[in-house]
Structures are given as structure tokens and as C-alpha cells.
Amino acid sequence: MGDSKDEDEKFQEELIGLDPQDPETKAFADHLDRMQRQRPGYTVEGYLDGVRDFADSANRTTGHQRLVAVIVVGLMLLGVLLTIWFALGDIVTIIF
């Protein structure tokens, strides 16, 4: 993500009075970093950053939220597979 020194300086006001070595404080600083991160809009890099954030969030969750994330990913993969299947069927029909 970034250097811990940069994160400490960036979120110094939000983290006043908290132990910088505490894992919960580090997690909160990471959360603040994700919330304030600027992504390029409408670019491949911006979309891939969004996918990475979704995957990281899905890996941190448990229970029903993780199940919903797995179902969403499964439906997206099913859509891609069906699109490829129908495209290949059209290509085979055109060629033969």
C-alpha cells in the first residue's frame, strides 16, 4: 500500500491518542487509506483496482457476506462462460 511513515503522517489527526503498533489501529489506517484513494476513472487500471478491492473485502468477510460475494463472482463467471459459448457457436455456424 504505502510506507507506514507516509500513512502515519497522512492520518495523524485521525489517529491521535491511538497506539501506532496496535493491529486494530493499523487496520483502521488501512481503511482510511482505501477510502481516500483516488482511482483513475473509466480506465482498465481503475476497474482492476476496484476488482482488487472487492477481492480483498471478500477475503476479509465471513458468513453470509462471504457467501454473497462467492455467488456474485460465480454469476459473473457464468455470464462470461455463456457469452463465450454463444460466440463460439455463432463462429462455428458462420464457418461451416
Consider residue 28 against the criteria (1) surrounded by 12 or more Cβ atoms within 10 Å (Cβ to Cβ); (2) within 11 Å of the chain's Cα centre (by Cα): it satisfies all of them except one. Which criterion is unmet?
(2)
Count of residues meeting criterion [closer than 29 Å to residue 74 by Cα and either aromatic (Phe, Trp, Tyr) or modelled with pLDDT under 75 (or both)] in the range 1-36:
1
Do we find that residue 52 is free of Cβ contacts under 8 Å to residues at least 60 places away in the same chain, under 28 Å from residue 14 (Cβ atoms) and not in a helix (DSSP H, G or I) in this structure?
no
Only one of 72, 92 that is loosely packed, with under 11 Cβ neighbours inside 10 Å, assigned to a helix (DSSP H, G or I) and modelled with pLDDT of 85 or more
92
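The values are calculated or read from the model by the stated rules, or taken from the named source; none is laboratory data. Bear in mind the structure is a predicted one, so any value in this text is a computation, not a measurement. Positions of Cβ are generated from backbone atoms using ideal geometry, with glycine treated the same way; all protein chains shown enter the neighbour counts.
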